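See structure below.
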Amino acid sequence: MIIEKISIKISNPYILFISTCYIFTHLFPHQSLSAKPKETHIFSQASHVLKEPAIFIDNMKMENSPYAHSISMVDKQVTYTDQELSNALTAIAVSKNGKQFSSKMSIEQLKQFSPAIAVEPYFDGYNEAALDPLKHYAETLNIEDAIKPMVVLGQDNRKQVTNTTVSSPYWHIGKLDIGCTGTLIAQNVVLTAGHCISDGNGFWYNNLDFSVAQNGTYLPWKKCTWETAVTTEAWHYYSDSNFDYGIIILDCIANGGWLGFGPFVSGVHSISGYASEKPYATMWTDEGPVTSTSHRLCYQIDTSNGVSGSAIVDSQLYIRGVHTTGSSSRNCGTKITHEVYSTLHYWMALYQ
């Protein structure tokens, strides 16, 4: 498989970056490609600085967000042309000091990424970290329904994760200060919902620090400060929930591990996160079957405020979507399509 991967014609520098990571992690499975994020990495020829400084909404808490009352496209099925899809997947990024960046993904890049990445759907990383977490403790829908970010459907079937540090996926999951959940997809990259990063109307949130595997007041690893946040222009400016996902680049290695991710496959999936109505900063999980449309995943898995941004994880512990919304009849999330899969890699190569 490594030989096949090397033989691919590499005509895009970001495919080359991803291929190199794949080869490295398979030849040296207990090593990490160490890359502490620096703002200078953002100044790529594929990314440009916007003239307008970012406008932040200070200290937002998701339970107070107007997002719960403003969704209009949760179940809307849209067929996008290649040009529309390219525009929708264009990245908009912000650094902590308020600089904004834009990175266009061209139609040509989209067409190069999908077949190249599809060769090996699981080369994103390995499910477990190279390091034993116990050795690294820190010192201390229906659109007509009234839409809410997350809903418990009937009887609450969630179970508390009482020990967040001994098994996957839990010790890759963490709490964002804004009141959302995020999941590590690289040693310093967190996957979450776009609406946990931006309000969908061109404004950013600034309380995005991340505490992996937090359990109440206990932090098994130190909290990492955010450096850069990235989402789609389709979400950031237009609140298009078909593209409600994003990543956060951290200033430190959270705990050395992460989850792999890939395009959606059917089956039973789980969602684990920090339900805001439960005891402070406790993690809760539920599982069930998931149905798929062109851009969305929907399910009867119980969620609530605070779980927004949680990974939708399959039985093989790969992320297949991001939980975002719910109604009185079902909960839903952003589906990892081949295009979303490609752009996540693209962003990680560009902004990390």
Being charged (D, E, K, R) and touching a strand residue (DSSP E or B) at 6+ places or on another chain (Cβ under 8 Å) is the filter; apply it to the stretch 260-291 and report the residue that is least open to solvent (accessible area, probe 1.4 Å). Asp286
Please count how many residues of the stretch 306-315 are assigned to a loop (DSSP other than H, G, I, E, B) and buried (at least 24 other Cβ atoms within 10 Å of the Cβ). 5
Looking only at residues that are farther than 27 Å from Thr217 by Cβ and charged (D, E, K, R) in the stretch 288-321, which one is nearest to the chain's Cα centre (by Cα)? Arg320
Exactly one condition in (1) part of a strand (DSSP E or B); (2) more than 16 Å from the chain's Cα centre (by Cα) is not met by Ser272; state its number. (2)
What are the residues in the stretch 257-269 that are more than 17 Å from the chain's Cα centre (by Cα) and part of a strand (DSSP E or B), if any? Val268
Counting just the residues of the stretch 159-192 that are of a type in the set (A, V, I, L, M, F, W, C) and more than 16 Å from Ser276 (Cα to Cα), which one comes out surrounded by the most Cβ atoms within 10 Å (Cβ to Cβ)? Val190
Does the stretch 297-318 contain any residue that is over 27 Å from Asn163 (Cα atoms), polar (S, T, N, Q), out of contact with any helix residue (DSSP H, G or I) (no Cβ under 8 Å at 6 or more places or on another chain) and at pLDDT below 95? no
So, of the residues in the stretch 280-294 that are assigned to a loop (DSSP other than H, G, I, E, B) and at pLDDT 95 or above, which turns out to be nearest to Thr164 (Cα to Cα)? Thr282
Filter pass, Asp302 being open to solvent by 10 Å² or more (accessible area, probe 1.4 Å), among the acidic types (Asp, Glu) and either touching a strand residue (DSSP E or B) at 6+ places or on another chain (Cβ under 8 Å) or not in a strand (DSSP E or B) (or both): no
Would you pick out the residues in the stretch 204-241 that are part of a strand (DSSP E or B) and either on the phi > 0 side of the Ramachandran plot or acidic (Asp, Glu) (or both)? Glu227
Quick one: Gly98 ticks every box in (1) at pLDDT below 50; (2) assigned to a loop (DSSP other than H, G, I, E, B) bar one, so which box is it? (1)
The number of residues in the stretch 236-259 that are within 17 Å of Glu84 (Cβ to Cβ), out of contact with any His (no Cβ under 7 Å at 6 or more places or on another chain) and buried (at least 23 other Cβ atoms within 10 Å of the Cβ) is 3
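The values are calculated or read from the model by the stated rules, or taken from the named source; none is laboratory data. Predicted model only: the values in this text are computed from it and were never measured. We place every Cβ from the backbone using ideal geometry, glycine too, and count neighbours over all the protein chains shown. When the accessible area is computed, the model is the full protein with side chains, heavy atoms only, and any ligands, DNA or RNA have been set aside. Shrake-Rupley method; radii C 1.70, N 1.55, O 1.52, S 1.80 Å.
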